[in-house]
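The values are calculated or read from the model by the stated rules, or taken from the named source; none is laboratory data. These figures come from a predicted structure and were not determined experimentally. Heads up, the Cβs are rebuilt from the backbone with ideal geometry, glycines too, and the neighbour counts pull from every protein chain shown. All accessible areas refer to the heavy atoms of the entire protein, side chains included, with ligands and DNA or RNA removed. Shrake-Rupley method; radii C 1.70, N 1.55, O 1.52, S 1.80 Å.
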Amino acid sequence: MTDETAKPLRKPPRQVTAAYLQRAALAYLERYASSAENLRRVLRRKVDKRCRLRGEDPGAFQDMIDEVVAKSLTSGIIDDTRYAEARVATLRRRGGSARAIQAKLSAKGVDRTTIAAALEQEDGNEEQAARAFARRRKLGPFRPGERAPYRDKDLAAMARAGFRFDVARSVVDGEKDDEPSGI
């Protein structure tokens, strides 16, 4: 093989600037709701990738990342309280337990007090969420056919999802509630 037929090397990406980080943050926030810490992680990954390709130190850009996140917070583009409330409502409708919701929001960088406040404000209760989870996973009264041989497996699935035993038992042993027709 000659040097003439070899593929040309790819040009390194442009240097990280504050304007680039601001555009990247806005592009990310257009598509996804995010907490401040999660946005910081996303921007850090972008900077790490560019710096790796350019052979630079990503630590030098940490102040720029913090500035972009601070600007987003002051302008109201991101708000951890609003994000936590929206995620709690969504996850409750899907059948998320309080423990599972706390774990998911903690993984996104939301602090414990904000999570606790959002869970307190949420009007749904744990049993409604457990019933929604059982309906979605076809557990307990929502299982087609005979339920008795699968009771322990259904209880285990509810426990893994983070529901307390008394709540899981009441849902698994309970009767199927009437589902709204036409929805």
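A few remarks follow.
- Some residue of the range 38-51 being in contact (Cβ under 8 Å) with a residue 12 or more places away in the chain and not in a helix (DSSP H, G or I): no
- Among the residues making up the range 32-43, a single one is under 15 Å from A60 (Cα atoms) and either among the hydrophobic types (A, V, I, L, M, F, W, C) or open to solvent by 80 Å² or more (accessible area, probe 1.4 Å) (or both): L43.
- Note on the range 106-140: residues that are loosely packed, with under 15 Cβ neighbours inside 10 Å, assigned to a helix (DSSP H, G or I) and polar (S, T, N, Q) total 3.
- Residue that is surrounded by the fewest Cβ atoms within 10 Å (Cβ to Cβ), among those in the range 77-97 that are in contact with a helix residue (DSSP H, G or I) (Cβ under 6 Å, 6 or more places away or on another chain) and under 14 Å from T113 (Cα atoms): T81
- Residue match in the range 49-63 (condition: touching a Pro at 6+ places or on another chain (Cβ under 7 Å), open to solvent by less than 50 Å² (accessible area, probe 1.4 Å) and at pLDDT below 95): yes
- Residue within the range 7-14 that is free of Cβ contacts under 8 Å to residues at least 12 places away in the same chain, of a type in the set (A, V, I, L, M, F, W, C), over 20 Å from A60 (Cα atoms) and open to solvent by 50 Å² or more (accessible area, probe 1.4 Å) present: yes
- From the list A70, A103, the lone residue that is surrounded by fewer than 19 Cβ atoms within 10 Å (Cβ to Cβ), out of contact with any helix residue (DSSP H, G or I) (no Cβ under 6 Å at 6 or more places or on another chain), of a type outside the set (D, E, K, R) and within 30 Å of K138 (Cβ to Cβ) is A103.
- Qualifying residue in the range 18-31 (condition: under 17 Å from K108 (Cα atoms), touching a helix residue (DSSP H, G or I) at 6+ places or on another chain (Cβ under 6 Å) and open to solvent by less than 60 Å² (accessible area, probe 1.4 Å)): yes
- Within the option set R94, R112, R147, R169, being modelled with pLDDT of 90 or more and more than 30 Å from R40 (Cα to Cα) holds for one residue only, R169.
- Any chance D154 is open to solvent by less than 10 Å² (accessible area, probe 1.4 Å) and either of a type outside the set (F, W, Y) or over 15 Å from A100 (Cα atoms) (or both): yes
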